[in-house]
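Let me begin by presenting the structure, written as structure tokens, before commenting on it.
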Ligand code: URA
């Protein structure tokens, strides 16, 4: 294949064939096609888009660039959830063990924080000892034993996505719908799932700002999944305010412990139950029962112990990771909370050290926000509307003004 011709073809908006897409992706993954040519191609895709058929070929080629998981013939249905990411989105930590209370397997491969949205792996790593880097054999043995694993992408899974994502990240080509669809779905399809539920978020704190954009992304991901034989479903969920009442790694784990012990904030519990009911055999009522009667908690403890984590630390995770400064933000007047800006809180959380500004940054597990007020909640002057957890007075001062503006009361 003559690579410049393929770039020109895409630049002119002409549909590429399956062998042409395979030549580009395989050549790039092997290192035969240089970054400058692949960058030009990605930018052509950014402006010209891709047809549904091209997106499907791209996804399949990327999935086939590495290993896909294989299961014993008689194993139960394999199910998973993918969220497009939001602020305070800790759903996976509860949903994975909850689904595993049902007769399904949950082979969950997750990511790290991206921009203002937190990552499941970072949250899990705030649990002392928790190992997200299991090899495939160990992970599959755990799946047979307890029905769930939660790990990061291995070097063998979708290497094409790893290379292409790194290139997109520095060439302004991340926000291209077909490239996003292929990137996300190739990794999920490598899990060899029977059913996948998508939680596609829209609003201030999400990648997609409008419901219409979220619907379009959901439709495209669903089409690709169905063509590959996966039973697909999706929810569109608003992300204008943070999900639940905490933002920040260990703070979010503490909130998950509350939910797994039958408590927790209503918005988060409702979303977890809705998503669970989409991919499992059990009903929403059954899942709620498992949250309240200790079944889901027991499964979570099994999961943490299986992956080397200290389950004894779970109920005191807040004291394991206590930031030196806890600063209550007081309501400047009495009234009703009209808006709580998820984007501003997400940005402040990264600034406090809870997320990464550069790919190799370490995250600070202790910092973030707790007791975050919810839209529609009555508030009283001089009572806290959230608590900021900071490593230093200087980092607290750097976020205070934007956090004060994030809460609108009238
Ligand atoms: N998450 C991914 O894994 N890939 C994208 O392209 C965007 C979000």
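The values are calculated or read from the model by the stated rules, or taken from the named source; none is laboratory data. Values in this document were obtained by computation on a predicted structure and should not be read as measured data. Quick reminder, even Gly has a Cβ in these numbers, built from the backbone with ideal geometry, and neighbours come from all protein chains shown.
For the reader, a short list of remarks on this structure follows.
- Residue check, residue 269 crowded, with 21+ Cβ neighbours inside 10 Å and either part of a helix (DSSP H, G or I) or free of Cβ contacts under 8 Å to residues at least 40 places away in the same chain (or both): no
- Residues (free of Cβ contacts under 8 Å to residues at least 60 places away in the same chain and under 30 Å from residue 148 (Cα atoms)) located in the stretch 166-193: 166, 180
- With respect to the conditions (1) modelled with pLDDT of 95 or more; (2) assigned to a loop (DSSP other than H, G, I, E, B), residue 302 falls short on a single one, namely (2).
- Within the stretch 322-343, considering residues that are under 22 Å from the mean Cα position of the chain (by Cα) and outside any helix (DSSP H, G or I), the one surrounded by the fewest Cβ atoms within 10 Å (Cβ to Cβ): 341
- When residue 175 is tested against (1) surrounded by 22 or more Cβ atoms within 10 Å (Cβ to Cβ); (2) within 13 Å of the ligand (Cβ to nearest atom); (3) not in a helix (DSSP H, G or I), just one condition goes unmet, and that condition is (1).
- Looking across 73, 40, 44, 22, one residue alone is in a loop (DSSP other than H, G, I, E, B), farther than 30 Å from residue 125 by Cα and free of Cβ contacts under 8 Å to residues at least 60 places away in the same chain. It is 73.
- Qualifying residues in the stretch 65-75 (those that are closer than 14 Å to residue 191 by Cβ and more than 15 Å from the ligand (Cβ to nearest atom)) - the one surrounded by the fewest Cβ atoms within 10 Å (Cβ to Cβ): 70
The rows are residues; the columns are (1) in a helix (DSSP H, G or I); (2) under 24 Å from the mean Cα position of the chain (by Cα); (3) outside the structural domain of residue 88 (by TED's automatic domain parsing).
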residue	(1), (2), (3)
354	no, yes, yes
358	no, yes, yes
362	no, yes, yes
374	no, yes, yes
382	no, no, yes
396	yes, no, yes
401	yes, no, yes
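- Test: residue in the stretch 152-163 that is more than 14 Å from the ligand (Cβ to nearest atom), at positive phi and part of a loop (DSSP other than H, G, I, E, B): no
- Selection from the stretch 178-202 of residues that are within 12 Å of the ligand (Cβ to nearest atom) and either assigned to a helix (DSSP H, G or I) or out of contact with any helix residue (DSSP H, G or I) (no Cβ under 8 Å at 6 or more places or on another chain) (or both): 178, 179, 180, 181, 182, 183, 184, 185, 186, 187, 188
- Scan of the stretch 76-97 for residues that are assigned to a helix (DSSP H, G or I) and away from the ligand (no atom under 16 Å from the Cβ), ordered by number: 93, 94, 95, 96, 97
- Condition check for residue 367: in contact with a helix residue (DSSP H, G or I) (Cβ under 6 Å, 6 or more places away or on another chain), in contact (Cβ under 8 Å) with a residue 12 or more places away in the chain and not assigned by TED's automatic domain parsing to the domain that holds residue 85: yes
Residue by residue, here is whether (1) buried (at least 17 other Cβ atoms within 10 Å of the Cβ); (2) part of a helix (DSSP H, G or I); (3) not assigned by TED's automatic domain parsing to the domain that holds residue 252 holds:
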| residue | (1), (2), (3) |
| --- | --- |
| 276 | yes, yes, no |
| 285 | no, yes, no |
| 289 | no, yes, no |
| 308 | no, no, no |
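- Screening the candidates 118, 129, 113 for the property of being in contact (Cβ under 8 Å) with a residue 40 or more places away in the chain and touching a strand residue (DSSP E or B) at 6+ places or on another chain (Cβ under 9 Å) yields one hit, 118.
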